[in-house]
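**Student:** This is the structure I want to talk about, given as structure tokens.
The values are calculated or read from the model by the stated rules, or taken from the named source; none is laboratory data. Since the model is a prediction, treat every value here as computed from it, not as a measurement. Positions of Cβ are backbone-derived with ideal geometry, glycine not excepted, and every protein chain shown enters the neighbour counts. The protein model used for the area step is the full one, side chains on, heavy atoms only, and it has no ligands, DNA or RNA in it. Shrake-Rupley method; radii C 1.70, N 1.55, O 1.52, S 1.80 Å.
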Protein chains: 2
Amino acid sequence: MNPQVAGLGQCSLDILGQVGCYPELDQKAELNSLLVQGGGPVATALVTLARLGVSVRMIGAVGDDDFGLKIRQGLLTEKVDCTHLVQVPGASSQVAFIAVDADGHRNIFWHRGTAQLAVPKTFQAENFESVRILHLDGLHLESAIAAARLAQEQKVITVLDAGTFRSGMEALLPLIDHLVVSEKFACQFIKRDDPEAALKCLSVYGARAVTVTLGTAGSVSLSADGFVFRQTAFRVKVVDTTGCGDVFHGGYIYGLLQNWPLPKTVRFATACAAFKTRALGGRTAIPTLTEVEGFLKDYEEC
Amino acid sequence: MNPQVAGLGQCSLDILGQVGCYPELDQKAELNSLLVQGGGPVATALVTLARLGVSVRMIGAVGDDDFGLKIRQGLLTEKVDCTHLVQVPGASSQVAFIAVDADGHRNIFWHRGTAQLAVPKTFQAENFESVRILHLDGLHLESAIAAARLAQEQKVITVLDAGTFRSGMEALLPLIDHLVVSEKFACQFIKRDDPEAALKCLSVYGARAVTVTLGTAGSVSLSADGFVFRQTAFRVKVVDTTGCGDVFHGGYIYGLLQNWPLPKTVRFATACAAFKTRALGGRTAIPTLTEVEGFLKDYEEC
């Protein structure tokens, strides 16, 4: 196993339920269906890459509880290398309950768990031999900064999935080559609702490319040469948007590995995310490479 | 093990999280704490009785999943006999996610699972030798009706916890000796918001006593001789009301076993429920007999 991509960050256990309507306070809502599945931004991006045929490694931490076992099993089933997925004795794993309504909208309740993520000692220079890209999220900030520094020294490309702005993240941004952030993060970052303005502010930190994902409105990107472009979302019947951003990141990293130009990379990532929305759960409907390629070919021929 | 009380009905796995405020649609709420614990109306009533020193047996069904294992373990830890807790191959267990806010109010999302509950063949006359009371809820209606018929033949007292009105329950009501229902059930049953009127309508089915629980407003009861009385709730700092009704039923059944008059039984049940609200989870703060007796003694001396 020589992973091309390593991901350091969140891995969670998602408990997803489909609900007719949300309950009032002190009321009950019966779920039509229930699904227990691994989740988390970095972990699900790696699963996406694995389905696309890329060898990947997860660097993360789980507790020594049942949820942690399920998280690990879920990743191993998807052929994600878990050598650096640490099980912390006495700690609890990250878990999320996600209520999805008939229109695919969600309420997410999540607990970060108590398993602390540290950059493993074994995650040294020699471990970067095969790794071309390091994928990060912003929750375990100190570990992410340490890993990004190591990556930079080894000329490993860094990608950041930033969903929520957290204080201290400014220290991570200069270490990132590809910033792919949520609309929420972008607006929190510049304190106003203007994704294009956020692109410019974020690009100051030196990334080669910055993208803001906009849900059903697609995304807007800025390349290092100052070229701004928008990608519309593909129209699909949405069952559940859980993990859409995570899968987008997986598709984006796939494009980087192919050395595709940014528009082609973003277009491919957008298609991956569209496939994902067809079923309940962040990972259920992640496509294979054949599926995405076939879809994009058909779409272009329309 | 010669159980004095058998309970047939729901046993669930509760995943409880404390939340600052409820998330907007398509937003996330981070949970301050997370607790995984067994729940379910009948199962938690039996746990209450076990803590009070009564020998009890659970008749129910779980799936052969991790949640089912946890449900069983939780009951065994509380000394609930699980000889008749069936594990159904290939089925999923009942599970609930409960978001509790800072004021102790809740949103409940639950899935009934696919494990079908049948009256076990072994649950025949000879099994009633030691059983004096059968406790039921309304979800697994056919099984509840069959069990209540068997109980009636054997002069076993039947108690029903009815939280939500479901069609067909009218067939169960004539088989019940003690009806202890929620305000929601009472209002659904008579199609108007009048618990006292509901008492009278429900008493027509022949129960020896009917009680409607009213949350912070206490409860109102009607005995077979037509005596109506109200019991106020004890004032406590509420952390979580999950399982309050279940624990009330446990305390009520304890009173029946002592042959206490109805007002004393309801007062004891009310105290048990008050104790329960002090901590997150339906079972965490269920009191021992010494605790309830001490509390009631102190309260009366005030």
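**Student:** Just need a number here: residues in segment B:155-186 that are open to solvent by 30 Å² or more (accessible area, probe 1.4 Å) and more than 17 Å from B:Ile253 (Cβ to Cβ).
**Tutor:** So the count comes out to 10.
**Student:** Oh, and also: Within segment A:266-281, identify whether any single residue is in a loop (DSSP other than H, G, I, E, B), open to solvent by 10 Å² or more (accessible area, probe 1.4 Å) and among the basic types (Lys, Arg), and answer yes or no.
**Tutor:** yes
**Student:** Here are the criteria: (1) under 21 Å from the mean Cα position of the chain (by Cα); (2) within 28 Å of B:Thr270 (Cα to Cα); (3) within 14 Å of chain A (Cβ to nearest Cβ). Tell me which single one B:Leu46 does not satisfy.
**Tutor:** (3)
**Student:** Ok, one more. If B:Ser221 satisfies every condition in (1) under 15 Å from the mean Cα position of the chain (by Cα); (2) in a strand (DSSP E or B) but one, which is the exception?
**Tutor:** (1) is the only condition that B:Ser221 fails.
**Student:** Just name the residue that is farthest from the other protein chains (Cβ to nearest Cβ) out of those in segment B:92-116 that are open to solvent by 80 Å² or more (accessible area, probe 1.4 Å) and of a type in the set (D, E, K, R).
**Tutor:** Here the answer is B:Asp103.
**Student:** Here's something else I'd like to know. Can you give me the number of residues within segment A:63-91 that are small (Gly, Ala, Ser), in contact with a Leu (Cβ under 9 Å, 6 or more places away or on another chain) and surrounded by fewer than 17 Cβ atoms within 10 Å (Cβ to Cβ)?
**Tutor:** From segment A:63-91, those small (Gly, Ala, Ser) are A:63, A:68, A:74, A:90-91; that's our starting set.
Subsequent filtering for residues that are in contact with a Leu (Cβ under 9 Å, 6 or more places away or on another chain) retains A:68, A:74.
Now narrow it down to the ones that are surrounded by fewer than 17 Cβ atoms within 10 Å (Cβ to Cβ): none.
Selection size over segment A:63-91: 0.
**Student:** Here's a follow-up. Search segment A:51-62 for residues that are open to solvent by 10 Å² or more (accessible area, probe 1.4 Å) and pair each with any residue that is in a strand (DSSP E or B) and not hydrophobic (A, V, I, L, M, F, W, C) when their beta-carbon atoms are under 6 Å apart and the residues are at least 6 apart or on different chains.
**Tutor:** A:Arg57/A:Asp81
**Student:** Same structure, new question: Pairs needed: first member in segment A:63-91, away from chain B (no Cβ under 12 Å); second member anywhere, of a type in the set (Val, Ile, Thr) and open to solvent by 60 Å² or more (accessible area, probe 1.4 Å); C-beta distance under 6 Å; at least 6 residues apart or different chains.
**Tutor:** A:Ala91/A:Thr114
**Student:** Right, B:Leu16: open to solvent by less than 10 Å² (accessible area, probe 1.4 Å), closer than 30 Å to B:Val86 by Cβ and away from chain A (no Cβ under 11 Å) or not? Please lay out each step first, then the result.
**Tutor:** Values: open to solvent by less than 10 Å² (accessible area, probe 1.4 Å): yes; closer than 30 Å to B:Val86 by Cβ: yes; away from chain A (no Cβ under 11 Å): no.
Spelling it out, it is not the case that B:Leu16 is open to solvent by less than 10 Å² (accessible area, probe 1.4 Å), closer than 30 Å to B:Val86 by Cβ and away from chain A (no Cβ under 11 Å).
**Student:** Which condition breaks for A:Asn32 when tested against (1) of a type outside the set (D, E, K, R); (2) within 10 Å of chain B (Cβ to nearest Cβ); (3) surrounded by fewer than 20 Cβ atoms within 10 Å (Cβ to Cβ); (4) not in a strand (DSSP E or B)?
**Tutor:** Of the numbered conditions (1) of a type outside the set (D, E, K, R); (2) within 10 Å of chain B (Cβ to nearest Cβ); (3) surrounded by fewer than 20 Cβ atoms within 10 Å (Cβ to Cβ); (4) not in a strand (DSSP E or B), the odd one out for A:Asn32 is (4).
**Student:** Taking segment B:243-302, which residues are aromatic (Phe, Trp, Tyr) and within 14 Å of the chain's Cα centre (by Cα)? It would help to see each step written out before you state the result.
**Tutor:** Of the residues in segment B:243-302, the ones aromatic (Phe, Trp, Tyr) are B:248, B:252, B:254, B:260, B:268, B:275, B:295, B:299.
Hits for segment B:243-302 are B:Phe248, B:Tyr252, B:Tyr254.
**Student:** Could you pull out every one of the strands (runs of 3 or more DSSP E) wholly within segment A:71-174 that has 3 or more residues that are farther than 23 Å from B:Ser33 by Cα?
**Tutor:** Values: elements: A:80-88, A:94-100, A:106-111, A:133-137, A:157-162.
Answer list for segment A:71-174: A:80-88, A:133-137, A:157-162.
**Student:** Give the number of residues within segment A:24-50 that are touching a residue at least 40 places away in the same chain (Cβ under 8 Å) and more than 20 Å from A:Leu8 (Cβ to Cβ).
**Tutor:** So the count comes out to 5.
**Student:** Given the structure, is B:Leu49 modelled with pLDDT of 95 or more, in contact with a strand residue (DSSP E or B) (Cβ under 8 Å, 6 or more places away or on another chain) and under 19 Å from B:Phe248 (Cα atoms)? I'd like the intermediate steps shown before the answer.
**Tutor:** Values: modelled with pLDDT of 95 or more: yes; in contact with a strand residue (DSSP E or B) (Cβ under 8 Å, 6 or more places away or on another chain): yes; under 19 Å from B:Phe248 (Cα atoms): yes.
Criteria met by B:Leu49.
**Student:** Can you tell which of B:Asp240, B:Asp246 is modelled with pLDDT of 95 or more and of a type in the set (Asp, Glu)?
**Tutor:** Values: B:Asp240 fails: modelled with pLDDT of 95 or more.
So the residue among B:Asp240, B:Asp246 that is modelled with pLDDT of 95 or more and of a type in the set (Asp, Glu) is B:Asp246.
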